[in-house]
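Contents: one structure, followed by commentary.
The values are calculated or read from the model by the stated rules, or taken from the named source; none is laboratory data. The structure presented is a predicted model; accordingly, all values stated were derived computationally and were not measured. Positions of Cβ are backbone-derived with ideal geometry, glycine not excepted, and every protein chain shown enters the neighbour counts.
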Ligand SMILES: CC(C)(COP(=O)(O)OP(=O)(O)OC[C@H]1O[C@@H](n2cnc3c(N)ncnc32)[C@H](O)[C@@H]1OP(=O)(O)O)[C@@H](O)C(=O)NCCC(=O)NCCS
């Protein structure tokens, strides 16, 4: 009960993106910068979507803008290469005691280097710092590569959402990870 109340208070109090200090990181001897997403990044995020979704852009400019300026507490961050290219990004929203991953993508040239895991770990830290009990996401039933990564990171299947993806009526696998609350 107290937890539910604290989730509501956080939503009322913050009503904007939580602070996130940018940081330099090294992954397999490559230097990157991890930082918040800003409006000026959206063009590049859409290009990254085109790259990973075979020319499709599931999220439009207005969808990105709505998320990064949402009154709901959220964390939208990207990882930038030494050449100033956005290698990947992740978005999440905090609702009650759950942090929901709304979007994650890593450019094809940067995949399989541990960036996806790193982005999910950052959101998990954000969730734990904000007393969330769970981390959740939806993934296409056909996206078995991403599902394998999520399972390895501690997610398990909770439910199937029928016809979740409207453009081809594909089902979504609803996945959840239970967090250790400090
Ligand atoms: C799903 C996605 C975000 C994963 O990102 P990623 O950066 O490739 O993820 P990671 O590198 O952390 O892990 C992926 C795999 O690479 C492996 N890997 C990680 N570091 C590695 C390294 N240095 N060398 C070789 N393999 C490595 C991991 O073991 C993992 O193996 P798995 O296939 O058995 O799970 C990315 O593939 C993507 O953007 N896909 C398209 C969009 C998409 O499907 N989004 C998810 C929507 S829900």
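Some observations on this one:
- Checked against (1) farther than 24 Å from residue 45 by Cβ; (2) within 14 Å of the ligand (Cβ to nearest atom); (3) buried (at least 16 other Cβ atoms within 10 Å of the Cβ), residue 179 meets all criteria but (2).
- Close pairs (6 angstrom Cβ cut-off, 6 or more residues apart or separate chains): under 14 Å from residue 169 (Cα atoms) and without any contact (Cβ under 8 Å) to a residue 12 or more places away in the chain in the range 132-144, within 9 Å of the ligand (Cβ to nearest atom) and part of a loop (DSSP other than H, G, I, E, B) anywhere: none
- Selected residue (only one of 81, 62 is over 12 Å from the mean Cα position of the chain (by Cα), away from the ligand (no atom under 15 Å from the Cβ) and more than 19 Å from residue 172 (Cα to Cα)): 62
- With respect to the conditions (1) surrounded by fewer than 17 Cβ atoms within 10 Å (Cβ to Cβ); (2) over 15 Å from the mean Cα position of the chain (by Cα); (3) over 18 Å from residue 39 (Cβ atoms); (4) more than 8 Å from the ligand (Cβ to nearest atom), residue 130 falls short on a single one, namely (1).
- Enumerated strands (runs of 3 or more DSSP E) restricted to the range 128-182, each holding at least 1 residues that are at pLDDT below 95: 156-165
- Beta carbons closer than 6 Å, at least 6 apart along the sequence or on distinct chains, pair a first residue in the range 46-64 that is closer than 14 Å to residue 87 by Cβ with a second that is more than 11 Å from the ligand (Cβ to nearest atom) and part of a loop (DSSP other than H, G, I, E, B) for 49/57.
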